[in-house]
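First the structure, in the form of structure tokens, and then the observations on it.
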4 protein chains.
Amino acid sequence: MIVVMHGGAREEEIEAVIKRLEGAGFKVHLSRGVVRTVIGAIGDKSRLELQSLEAMPGVEKVVPILKPYKLAGREFKPEDTVVQVGKLRLGGPEIHLIAGPCAVESREQLLETAHAVREAGATMLRGGAFKPRTSPYSFQGLGRRGLEILAEAREQTGLAVVTEVTDQAMAREVAEVADVLQIGSRNMQNFALLQAVGKLGKPILLKRGLSATIEEWLLAAEYILAEDNFNVILCERGIRTFETYTRNTLDLSAVAAVKQLSHLPVVADPSHGTGKRALVLPLARAAVAAGADGLLLEVHPNPENALSDGPQSIKPEQFSALVGEVAAMARVLGRSLARLQA
Amino acid sequence: MIVVMHGGAREEEIEAVIKRLEGAGFKVHLSRGVVRTVIGAIGDKSRLELQSLEAMPGVEKVVPILKPYKLAGREFKPEDTVVQVGKLRLGGPEIHLIAGPCAVESREQLLETAHAVREAGATMLRGGAFKPRTSPYSFQGLGRRGLEILAEAREQTGLAVVTEVTDQAMAREVAEVADVLQIGSRNMQNFALLQAVGKLGKPILLKRGLSATIEEWLLAAEYILAEDNFNVILCERGIRTFETYTRNTLDLSAVAAVKQLSHLPVVADPSHGTGKRALVLPLARAAVAAGADGLLLEVHPNPENALSDGPQSIKPEQFSALVGEVAAMARVLGRSLARLQA
Amino acid sequence: MIVVMHGGAREEEIEAVIKRLEGAGFKVHLSRGVVRTVIGAIGDKSRLELQSLEAMPGVEKVVPILKPYKLAGREFKPEDTVVQVGKLRLGGPEIHLIAGPCAVESREQLLETAHAVREAGATMLRGGAFKPRTSPYSFQGLGRRGLEILAEAREQTGLAVVTEVTDQAMAREVAEVADVLQIGSRNMQNFALLQAVGKLGKPILLKRGLSATIEEWLLAAEYILAEDNFNVILCERGIRTFETYTRNTLDLSAVAAVKQLSHLPVVADPSHGTGKRALVLPLARAAVAAGADGLLLEVHPNPENALSDGPQSIKPEQFSALVGEVAAMARVLGRSLARLQA
Amino acid sequence: MIVVMHGGAREEEIEAVIKRLEGAGFKVHLSRGVVRTVIGAIGDKSRLELQSLEAMPGVEKVVPILKPYKLAGREFKPEDTVVQVGKLRLGGPEIHLIAGPCAVESREQLLETAHAVREAGATMLRGGAFKPRTSPYSFQGLGRRGLEILAEAREQTGLAVVTEVTDQAMAREVAEVADVLQIGSRNMQNFALLQAVGKLGKPILLKRGLSATIEEWLLAAEYILAEDNFNVILCERGIRTFETYTRNTLDLSAVAAVKQLSHLPVVADPSHGTGKRALVLPLARAAVAAGADGLLLEVHPNPENALSDGPQSIKPEQFSALVGEVAAMARVLGRSLARLQA
């Protein structure tokens, strides 16, 4: 790390920093410029709280050199991680389509959607049984009954089930049904939940927080990896900016960046990312072109009666058209769409 | 609510919206402009998902007229809520200083700080036993041992204890020690946790999420109020913006705005809000001038050895000086600092 | 427009608003809900400042129904605008590649780059003669000499020249050389400059401001259109968010959204949009997949000696590879790359 | 500066960086950690474009050590700059109130306001003759006629005149009337304008850009200082964030931070900063408590008929009340309100 001293730092302040660094086992190098003194330190960062160093008198700032995540980085594991979901493999050359309604609303709604997206080319079914909602007065999901319906849909279609865990207390129960456990944006830094689901060993789809930096997102993944669970799928779902025309700003540069920084697979969610049905198709294409390993898409047979996220849900026939376009895009990139075996 | 139709909306699309609104019991008024048709609807919004309306063909947008929170609003309860913490009353004319270290690090550190801030004029002691940290490799708090130390500090000083709950599973245990349960920024929309702590009936200090709008913050409070627990203290602690010189951007207009929109008391945290010791004093003064009912301040006897938040922690003697300045400021505003009875 | 009155608005306040609206020639409709009174008004908005209405006693907010831009919208002109640049047509099915260095640094640098990008498939050459730089101590461009070099490059290669105007005083002089006048992000709301270049009648490439909403961007275009100059090419170049890993956040949903809201062509700049060479290719593909009509790309023969934007500049050979990938992407979308005639 | 090499940087890449740094006259120090090699360089940064270094193969990032502004920093000039405006001194212990309407709308409106704010305690009169407006269809100011009215108001009241220059071509003409030239937010990085007004030698009030970092703001000031004009007053007027309840987010931590980083005086504009009349008073108090040297306030005799910014304008009688509160606040801080001599 690099410790930059204030312009007017006194000699004893500089010495105090050096003494502390050396005391923690760091090899120190002092560099005196005309205006600033800079102290370089090589050693095991985990032996010292960087923040506390920054609190020492005369210190202007501390610049860390190494990335704060380890297990999630390409330096630790250069080759791509492929997450195994039953017989499916996400993170290899094949692109996965994870489709379904925002929330499980009824048996009919879910089964109809599941069969339709299965038919059109999805490999996994999304659908929330437990819904975290901004307002306590909004529909909160069917709960356990939703899980049962998801299980039935899987049985009928063979689609893997992706569903959200919002609550430690329910994690185990959700995991009995889910093939992939989703951690929503609002819970990206709910560390107790990350550790709890990490321990379950199941694949986890980790949505990026609404205002999380790429680094914080990878550190959230690190919480799961540190539980010895490497089955983590990252999901870019839009960040919060000043723009209000779209619900969020889908950050596709983050998709490309994370593919370079980390070995973990990344999928994108253009439904939440834009909040508008008419933008889902172009952004789905763009996400694949940016390097996404899959797409999370909200499909509803009847969006105008959806209990949540209607305006960003596409209909099954629109999903079919999208599958065709995305497949063509994948071919150009030397990839292909993953398929469920019949 | 107001439903704005697209410029080219067809007659049958307009009729479908009207039919649906009337079917849900709304009284409807149609207004045809040259370019747009607008449908006004009066009725019980809870009988219809607004989002689903926005998903209907021909609809451009739905503009809600009423605020989405109820119990948290001044329209529901015009007079200020005063939260009772033991014998202390927060939300009335007296301003409270809640001070202490970011984390409980040791018995010595906490007791020394507690006595110092008690002496200087604080009424409550802050200190985390469970610390949510961005990196899994950072100090995570002393856990249960931290709670014991907090309890001892209260016994010795009479200060009320404010400490964070990060985990539903631990909520009851933390509540046995805490006088005020803190919900941190990252958990502002951890709805399961909000409901769990709401049910405990204890005063709750609800920090604003890093990128939460004022409306979302009040809706998070609404989750607690809806559990019939009105002992909610809101805490502005800085939002995330593009600025990197400060750790966060302390949003003091939100303090003033929330005092107008809601009856709940509001405190401000200039330590997290700025991330820099040298900015704590001016922003503490400014928060009080903006109307805050209290301040949350990080005080550490030895910030350069703090295990977290050293750069933004002030020393006990700086806290004493701050108390004097804030007291003078309070007087000008016709308020005073709350005091513990000897 | 819709005027929403405060919950406690008095009868005479409601009447004052109605009187004022009727006085300005609006047809008014009153809707009294249980909690709020809402006043709908149909008429010519330009006869009344909406803001002043919002300042009337008892008014909570004014919700405009119509979009504030006219000429830039699809409602005014449903069919795509094709901007003619010499013999080139931008905005039709063909996708244009506008490539070159950030700044003209020398005759050799520019000519080498121009020939290389011409060879590889660009139709237009970008390069700044006047550079707006954050610091007064950074390289500010070659000025007039830069314009001469650009003119020579066009003569040798046939590429159309796109270069920035930063200064009203220089607008005419730049326009003598430029085929397309670029307005940079920092000047998107320099209205005096917009009007000045609008009057020149030349095609204008209007970069989105760093924190401009889509609506503000289209209103900036409206300033040019209102000068009766419809040759406007919009350019998405990344917005400012909290993310620091990338220089900006390239907002590709804005590309797709603007294609729907406006008839104007849109290009994307993945070089500024990401700030990192390794992200340029994936985001270039993604921008085309999202519907961009062209790409603005920084190409430098020797980025490590570039006087500006080296880290985001690609080399000519990387540009060639990019052209191939983008061409393949275009074909899938039923489009093709524009070509200069030999 | 510090050059951080990629984990896998090759020996010849490291050597190339060293050779380049030494060639530019830097003293270089190499530090090889286990994972990263870091190169420290001491020398004259202006001899090398940092960005180009970052473009060299094997380089991960370049970390500058020194602040990029010089003349604007406390290291260059430790003592506070006091800007002389006629007989008034802004930047010393006295706090100035700069009040008036957003725009000059008529002789009557301006004179009435000028007399009222003079009476109540303002020392300077604000009012725009040239208004930069988001929409070309909004009121754009009275232009030259507005300047005449401002001059008359000064003559009658003795108030110094603060008015905006939006256009290089008009700069000299505006300067003939203005005592302080205002550069608006949208023009903060209109460098041609900054240089043009800098050369005029008059005091300049430089508003912070909507999404400008503190560093960029000080670099914009640097453009003026570099013209040998040190009469710069910085003005914090709110930044753009995701919050929509307030028009902008008034960043009072920036006020306190800039007072520490720079010697230039800073004023705050709670009218634009909040966009809501009811928030102006608490934020005005807060700005002074945070250390502002003055306040810019929109006052209009009749906000509901204002041609711009009505909702955030206060009435003369509200201004009077505000003056009293701010004066009391100033006293607590050991300051006082500046007064015009009778």
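Only residues that are within 11 Å of chain D (Cβ to nearest Cβ), of a type in the set (A, V, I, L, M) and buried (at least 24 other Cβ atoms within 10 Å of the Cβ): list them for region B:262-279, please. Once the filter is applied, which keeps residues that are within 11 Å of chain D (Cβ to nearest Cβ), of a type in the set (A, V, I, L, M) and buried (at least 24 other Cβ atoms within 10 Å of the Cβ), region B:262-279 yields B:Ala268, B:Leu279. Here's a check for you: in region B:219-254, which residue that is touching a helix residue (DSSP H, G or I) at 6+ places or on another chain (Cβ under 6 Å) and assigned to a loop (DSSP other than H, G, I, E, B) is nearest to D:Thr249 (Cα to Cα)? Looking at the filtered set, the residue picked out is B:Leu250. The set of residues from region B:186-210 being small (Gly, Ala, Ser), within 20 Å of A:Leu194 (Cβ to Cβ) and part of a helix (DSSP H, G or I) comprises B:Ala192, B:Ala196. For region B:198-221, a residue qualifies if it is among the aliphatic types (A, V, I, L, M) and under 18 Å from D:Arg240 (Cβ atoms), and the qualifying residues are B:Leu210, B:Ala212, B:Ile214. For the criterion of being in contact with a strand residue (DSSP E or B) (Cβ under 7 Å, 6 or more places away or on another chain), surrounded by 24 or more Cβ atoms within 10 Å (Cβ to Cβ) and within 8 Å of another protein chain (Cβ to nearest Cβ), C:Ala289 fails. For C:Glu75, indicate whether it is of a type outside the set (A, V, I, L, M, F, W, C) and not in a loop (DSSP other than H, G, I, E, B). Here the answer is no, as C:Glu75 does not meet what is asked. Just to be sure before I move on: is C:Val4 among the aliphatic types (A, V, I, L, M), in contact with a strand residue (DSSP E or B) (Cβ under 6 Å, 6 or more places away or on another chain) and within 25 Å of D:Ser135 (Cα to Cα) in the structure I sent? When the stated conditions are applied, C:Val4 passes them.
Among the residues in region B:32-41, are any within 26 Å of B:Leu218 (Cβ to Cβ), without any contact (Cβ under 8 Å) to a residue 60 or more places away in the chain, crowded, with 17+ Cβ neighbours inside 10 Å and not aromatic (Phe, Trp, Tyr)? Yes. When D:Leu234 is evaluated against the numbered criteria (1) free of Cβ contacts under 8 Å to residues at least 40 places away in the same chain; (2) farther than 29 Å from D:Lys70 by Cβ; (3) more than 14 Å from chain C (Cβ to nearest Cβ), which criterion, by number, is the only one it fails? For D:Leu234, the exception is condition (2).
Going by the conditions given, is D:Leu53 assigned to a loop (DSSP other than H, G, I, E, B), over 30 Å from D:Ser313 (Cβ atoms) and either outside the structural domain of D:Val326 (by TED's automatic domain parsing) or of a type in the set (Asp, Glu) (or both)? When the stated conditions are applied, D:Leu53 does not pass them.
Restricting attention to region A:3-28, which residues are of a type in the set (A, V, I, L, M) and more than 26 Å from D:Pro78 (Cβ to Cβ)?
Keep residues of region A:3-28 that are of a type in the set (A, V, I, L, M), which gives A:3-5, A:9, A:14, A:16-18, A:21, A:24, A:28.
Across region A:3-28, the qualifying residues are A:Ile18, A:Leu21, A:Ala24, A:Val28.
Looking only at region B:122-158, residues that are over 23 Å from the mean Cα position of the chain (by Cα) and away from chain A (no Cβ under 14 Å) come to 14 in all. Scanning region D:317-335 for residues that are surrounded by fewer than 16 Cβ atoms within 10 Å (Cβ to Cβ) and away from chain B (no Cβ under 14 Å) returns a single hit, D:Glu317.
Within region D:292-309, does at least one residue satisfy the condition of being crowded, with 24+ Cβ neighbours inside 10 Å and among the hydroxyl-bearing types (Ser, Thr, Tyr)? No: region D:292-309 contains no residue that is crowded, with 24+ Cβ neighbours inside 10 Å and among the hydroxyl-bearing types (Ser, Thr, Tyr).
Against the definition (within 14 Å of chain C (Cβ to nearest Cβ), buried (at least 21 other Cβ atoms within 10 Å of the Cβ) and not small (Gly, Ala, Ser)), how does D:Val85 come out, yes or no? Even if it seems obvious, please write down each step before you answer.
Details: within 14 Å of chain C (Cβ to nearest Cβ): no; buried (at least 21 other Cβ atoms within 10 Å of the Cβ): yes; not small (Gly, Ala, Ser): yes.
Taking the combined requirement at face value, the residue does not satisfy it.
Residues are listed down the side, and each one gets a yes or a no for (1) at pLDDT 95 or above; (2) within 21 Å of the chain's Cα centre (by Cα); (3) in the same structural domain as B:Leu90 (by TED's automatic domain parsing):
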site	(1), (2), (3)
B:Arg285	yes, yes, yes
B:Gly291	yes, yes, yes
B:Leu296	yes, yes, yes
B:Gly310	no, no, yes
B:Ile314	yes, no, yes
B:Arg331	yes, no, yes
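Test of understanding: among A:Arg47, A:Arg20, which residue is basic (Lys, Arg), within 14 Å of chain B (Cβ to nearest Cβ) and buried (at least 19 other Cβ atoms within 10 Å of the Cβ)?
Values: A:Arg47 fails: buried (at least 19 other Cβ atoms within 10 Å of the Cβ).
Within the list A:Arg47, A:Arg20, the selection yields A:Arg20.
Say we look at region D:301-342 and pick out the residues that are basic (Lys, Arg) and touching a residue at least 12 places away in the same chain (Cβ under 8 Å); which of these is nearest to D:Arg89 (Cα to Cα)? So the residue we want is D:Arg339.
Residues in region A:144-185 that are under 21 Å from B:Ile183 (Cα atoms) and assigned to a loop (DSSP other than H, G, I, E, B): A:Val165, A:Thr166, A:Asp167, A:Gly184. Please determine, by comparing only the residues of region A:90-110 that are of a type outside the set (A, V, I, L, M) and part of a strand (DSSP E or B), which one is surrounded by the fewest Cβ atoms within 10 Å (Cβ to Cβ). So the residue we want is A:Glu94.
Mind checking whether some residue in region C:111-118 is away from chain B (no Cβ under 14 Å), crowded, with 16+ Cβ neighbours inside 10 Å and in a loop (DSSP other than H, G, I, E, B)? So far as region C:111-118 goes, no, none of its residues is away from chain B (no Cβ under 14 Å), crowded, with 16+ Cβ neighbours inside 10 Å and in a loop (DSSP other than H, G, I, E, B).
Regarding A:Ala212, is this residue surrounded by 24 or more Cβ atoms within 10 Å (Cβ to Cβ) and within 20 Å of A:Leu261 (Cα to Cα)?
Working: surrounded by 24 or more Cβ atoms within 10 Å (Cβ to Cβ): yes; within 20 Å of A:Leu261 (Cα to Cα): yes.
Spelling it out, A:Ala212 is indeed surrounded by 24 or more Cβ atoms within 10 Å (Cβ to Cβ) and within 20 Å of A:Leu261 (Cα to Cα).
Looking at region C:66-80, is at least one residue under 30 Å from D:Lys315 (Cα atoms) and either modelled with pLDDT of 90 or more or within 13 Å of chain D (Cβ to nearest Cβ) (or both)? Yes.
Tell me the helices (runs of 4 or more DSSP H) entirely within region B:257-342 that contain at least 2 residues that are over 30 Å from B:Arg74 (Cβ atoms). Qualifying helices (runs of 4 or more DSSP H): B:277-290, B:316-332. Hey, B:Pro78 hits all of (1) buried (at least 22 other Cβ atoms within 10 Å of the Cβ); (2) not assigned by TED's automatic domain parsing to the domain that holds B:Ala171 but one; which does it fall short on? That leaves (1) as the condition not met. A:Lys259 passes every criterion in (1) within 14 Å of chain B (Cβ to nearest Cβ); (2) of a type outside the set (S, T, N, Q); (3) under 15 Å from the mean Cα position of the chain (by Cα) apart from (1). Screening D:Tyr69 against (1) within 25 Å of D:Ala220 (Cα to Cα); (2) of a type in the set (Ser, Thr, Tyr); (3) surrounded by fewer than 21 Cβ atoms within 10 Å (Cβ to Cβ) leaves a single unmet condition, (3). The set of residues in region C:119-160 being buried (at least 23 other Cβ atoms within 10 Å of the Cβ) and either within 14 Å of C:Leu297 (Cα to Cα) or not assigned by TED's automatic domain parsing to the domain that holds C:Leu88 (or both) consists of C:Ala122, C:Thr123, C:Met124, C:Leu125, C:Arg126, C:Gly127, C:Gly128.
The values are calculated or read from the model by the stated rules, or taken from the named source; none is laboratory data. Given the structure is predicted, the values throughout are model-derived calculations rather than measurements. Glycine gets a Cβ as well: all are built from the backbone with ideal geometry, and neighbour counts include every protein chain shown.
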